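Structure first, then comments.
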Amino acid sequence: MLLQFLAAFLLVLGFAAAEDPYRFFDWNITYGDIYPLGVRQQGILINGQFPGPEIYSVTNDNLIINVHNSLPEPFLISWNGVQHRRNSYQDGVYGTTCPIPPGKNFTYTLQVKDQIGSFYYFPSLAFHKAAGGFGAIKILSRPRIPVPFPDPASDYSILIGDWYKTDHKILKGILDRGHRLPFPDGIIINGRGPNGTYFTFDQGKTYRLRISNVGLQNSLNFRIQGHKLKLVEVEGTHTIQTTYDSLDIHVGQSYSVLVTADQAPQDYYIAVSTRFTSKVLTSTAVFHYSNSGRQVSGPIPAGPTTQTGWSLSQALSIRTNLTASGPRPNPQGSYHYGLVNVSRTIKLESSAAQVSGKQRYAVNSVSFIPADTPLKLADYFKIGGVFKVGSISDNPTGQKMYLDTSVMGADFRAFVEIVFQNHENIVQSWHLDGYSFWVVGMDGGKWTPASRNEYNLRDAVSRSTTQVYPKSWTAIYIALDNVGMWNLRTEFWARQYLGQQFYLRVYSPAESARDEYPTPRNALLCGRAAGRSTRP
């Protein structure tokens with residue numbers, strides 16, 4: 001009997017010792033004065049910071065983030081690129097989670113399961129994203145997993161994005177009245193305008209820069225005067241290490257580059273400018289050598305402006321490093337996605353139109369409207385009448401735009417092809433929560449089945465956000481291995497707010513905790529789910 005007890009005790013002890021580490025964060029969300037473009041604005045601060053604090057983590061860490069909402073209105077945070085394995089309730093968008101009421105708190109329990117890379121978080125409700133509340137997420141590889149480049153001297157997060165001087169509530173009011181937003185006023189780099197941010201480098205050393213476009217709509221070009229950018233990672237995928245003079249970073253995307261301080265000891269411009277716009281906005285930060293003998297001066301290095309072909313060629317050159325380890329010891333290329341049979345093709349077309357005299361945006365003619373209850377909760381409690389699976393078609397219908405709470409059903413473990421078709425004259429950017437996907441092809445014109453002959457079925461980059469060029473298409477492959485209710489949306493935030501999104505319900509009929517975690521005990525319950533109990 002004693003031997004049995006000792007064996008059981010050692011087994012339990014072994015499980016405890018094997019548990020993945022926990023990191024705890026306590027955040028207070030407030031309004032406060034910020035001056036990103038030199039004008040006082042009401043910004044969203046996290047623990048008094050704008051941008052918010054960086055989340056530093058390692059593969060498989062459990063992140064316990066207690067968020068206190070000290071704003072006078074409901075609030076939510078979403079985690080762009082974090083996959084939330086079997087756990088869509090933690091996604092932090094209104095389709096899955098009740099907002100945190102004013103004066104209340106909610107504790108997010110995230111695990112960065114089998115992930116590495118560069119991501120960010122942002123406020124997903126209302127139009128809060130235009131007020132701040134965003135920050136960087138850094139997921140490092142476990143110590144024993146080799147990284148395909150030497151350790152950098154330091155590792156900087158750089159958050160870039162377009163910005164308005166106008167208060168976010170006024171911007172929201174413009175959209176609510178059915179109008180389009182004006183052109184942004186400027187670009188910010190880590191929350192500041194021209195030359196408001198500087199980074200220090202020691203001569204001869206190499207540094208990692210994690211760059212995320214956290215803006216509202218514009219593609220941005222990033223470059224450093226006199227220095228090359230060696231791309232090494234895109235949204236959790238180690239890439240073939242290609243060197244560029246500058247990088248196009250579309251809204252919602254994240255890139256990691258290595259930069260070596262190998263020039264004369266002085267200060268240089270970091271330049272960020274809008275792409276594909278008739279009026280070009282430019283902002284700068286300072287690349288400062290620790291032994292600098294001269295301040296930054298002279299003309300800001302010019303970047304590409306409206307050249308779509310240049311950007312498309314660069315996008316096609318970004319490929320997966322098949323010899324590198326991902327979050328696990330096995331090489332990233334061991335999953336031969338090009339040999340898997342596609343079980344379903346979904347074609348998605350965006351559109352812009354007036355509905356009842358107000359500006360709206362749609363996918364396959366459906367402009368999304370939020371339900372009175374988060375869809376994930378309605379699904380969990382089997383509350384009828386909140387949404388209908390299949391309320392958005394797999395293919396463009398040609399119908400006149402209409403409003404609905406659009407949800408597309410999908411089978412667990414299906415292997416799906418999605419084609420984004422863009423008939424408009426703008427570059428678009430699309431994101432899917434809960435997943436990364438292979439960007440297998442993109443080109444101008446209209447997609448046809450013959451377009452598959454152009455696909456990269458060997459080393460396409462895997463990421464969670466992809467661009468679609470004007471009057472062009474982009475095709476992706478997804479292995480639907482993550483059960484839940486997942487938001488598929490444009491990253492153009494005004495378009496998302498006015499309906500260009502829907503939810504992909506990845507469903508397993510087993511309804512087993514093996515496939516999806518139960519709704520958490522601390523779940524906020526609202527709408528028709530109010531007053532119910534999640535579980536004992």
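The values are calculated or read from the model by the stated rules, or taken from the named source; none is laboratory data. Note that the structure is a prediction, hence the values are computed from the model and not measured. Every residue, glycine as well, gets a Cβ built from its backbone with ideal geometry; the counts of neighbours run over all protein chains shown. Quick note on the areas: whole protein, heavy atoms, side chains included, nothing else; ligands and nucleic acids left out. Shrake-Rupley method; radii C 1.70, N 1.55, O 1.52, S 1.80 Å.
For (1) over 26 Å from residue 525 (Cβ atoms); (2) in contact with a Leu (Cβ under 6 Å, 6 or more places away or on another chain); (3) free of Cβ contacts under 8 Å to residues at least 12 places away in the same chain, each residue gets a yes or a no:
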site	(1), (2), (3)
383	no, no, no
397	yes, no, no
413	yes, no, no
419	yes, no, no
443	yes, no, no
450	yes, no, yes
455	yes, no, no
Handout entry: Residues of the stretch 390-432 classified as among the β-branched types (Val, Ile, Thr), under 21 Å from residue 482 (Cα atoms) and out of contact with any helix residue (DSSP H, G or I) (no Cβ under 7 Å at 6 or more places or on another chain), total
Key = 4
Practice task
Kindly indicate whether residue 300 is assigned to a loop (DSSP other than H, G, I, E, B) and either modelled with pLDDT of 95 or more or touching a Phe, Trp or Tyr at 6+ places or on another chain (Cβ under 9 Å) (or both).
Solution key: yes
Completion exercise
How many residues of the stretch 473-530 are open to solvent by 20 Å² or more (accessible area, probe 1.4 Å), assigned to a loop (DSSP other than H, G, I, E, B), at pLDDT 95 or above and small (Gly, Ala, Ser)? The answer is 1
Fill in the blank from the handout: Among (1) surrounded by fewer than 21 Cβ atoms within 10 Å (Cβ to Cβ); (2) within 29 Å of residue 233 (Cα to Cα); (3) touching a Leu at 6+ places or on another chain (Cβ under 8 Å), residue 30 falls short only on (2)
Exercise for the section: Filter the stretch 64-84 down to residues that are open to solvent by less than 20 Å² (accessible area, probe 1.4 Å) and in a loop (DSSP other than H, G, I, E, B) and give me whichever is farthest from residue 114 (Cα to Cα). Expected result: 71
Problem - Every residue from the stretch 16-44 that is within 23 Å of residue 109 (Cα to Cα) and either assigned to a loop (DSSP other than H, G, I, E, B) or under 20 Å from the mean Cα position of the chain (by Cα) (or both) - result: 19, 20, 21, 44
Problem - Qualifying residues in the stretch 255-279 (those that are open to solvent by less than 10 Å² (accessible area, probe 1.4 Å) and out of contact with any Phe, Trp or Tyr (no Cβ under 7 Å at 6 or more places or on another chain)) - the one nearest to residue 464 (Cα to Cα) - result: 255
Exercise for the section: Go through the stretch 40-63 and give me each residue that's open to solvent by less than 30 Å² (accessible area, probe 1.4 Å) and closer than 16 Å to residue 20 by Cβ. Expected result: 55, 57, 58, 59, 60, 61, 62, 63
Fill in the blank from the handout: Residue pairs qualifying under the 8 Å Cβ cut-off, at least six apart or on distinct chains, with the first in the stretch 298-312 being in contact (Cβ under 8 Å) with a residue 12 or more places away in the chain and the second being open to solvent by less than 30 Å² (accessible area, probe 1.4 Å) and assigned to a helix (DSSP H, G or I), are 304/311
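Out of everything in the stretch 85-107 that is part of a strand (DSSP E or B) and not β-branched (Val, Ile, Thr), what residue ends up being surrounded by the most Cβ atoms within 10 Å (Cβ to Cβ)?
106
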Practice task
Report whether or not residue 308 is at pLDDT 95 or above, farther than 21 Å from residue 451 by Cα and surrounded by 16 or more Cβ atoms within 10 Å (Cβ to Cβ).
Solution key: no
Practice task
Only strands (runs of 3 or more DSSP E) wholly contained in the stretch 225-292 count here; list those with 3 or more residues that are closer than 22 Å to residue 312 by Cβ and among the hydroxyl-bearing types (Ser, Thr, Tyr).
Solution key: 254-260
Exercise for the section: Scan the stretch 108-160 residue by residue and report those that are open to solvent by 20 Å² or more (accessible area, probe 1.4 Å), within 20 Å of residue 69 (Cβ to Cβ) and not in a loop (DSSP other than H, G, I, E, B). Expected result: 109
Exercise for the section: Kindly check whether there is at least one residue in the stretch 166-182 that is closer than 22 Å to residue 235 by Cα, of a type in the set (D, E, K, R) and open to solvent by less than 50 Å² (accessible area, probe 1.4 Å). Expected result: no
Completion exercise
Within the stretch 332-353, residues over 22 Å from the mean Cα position of the chain (by Cα), open to solvent by less than 60 Å² (accessible area, probe 1.4 Å) and under 21 Å from residue 238 (Cα atoms) come out as 333, 337, 338
Problem - Test set (1) touching a Phe, Trp or Tyr at 6+ places or on another chain (Cβ under 9 Å); (2) of a type outside the set (A, V, I, L, M, F, W, C); (3) at positive phi - residue 385 fails condition number - result: (1)
Problem - Pairs, first closer than 23 Å to residue 205 by Cα in the stretch 246-266, second of a type in the set (A, V, I, L, M) and in a loop (DSSP other than H, G, I, E, B), C-beta under 9 Å, six or more apart - result: 255/318; 261/153; 266/296
Handout entry: Verdict on residue 475 being in contact (Cβ under 8 Å) with a residue 24 or more places away in the chain, over 29 Å from residue 163 (Cα atoms) and not assigned by the TED database to the domain that holds residue 352
Key = no
Exercise for the section: Working carefully through the options 207, 198, find the one that is surrounded by fewer than 23 Cβ atoms within 10 Å (Cβ to Cβ), over 18 Å from the mean Cα position of the chain (by Cα) and in contact (Cβ under 8 Å) with a residue 60 or more places away in the chain. Expected result: 198
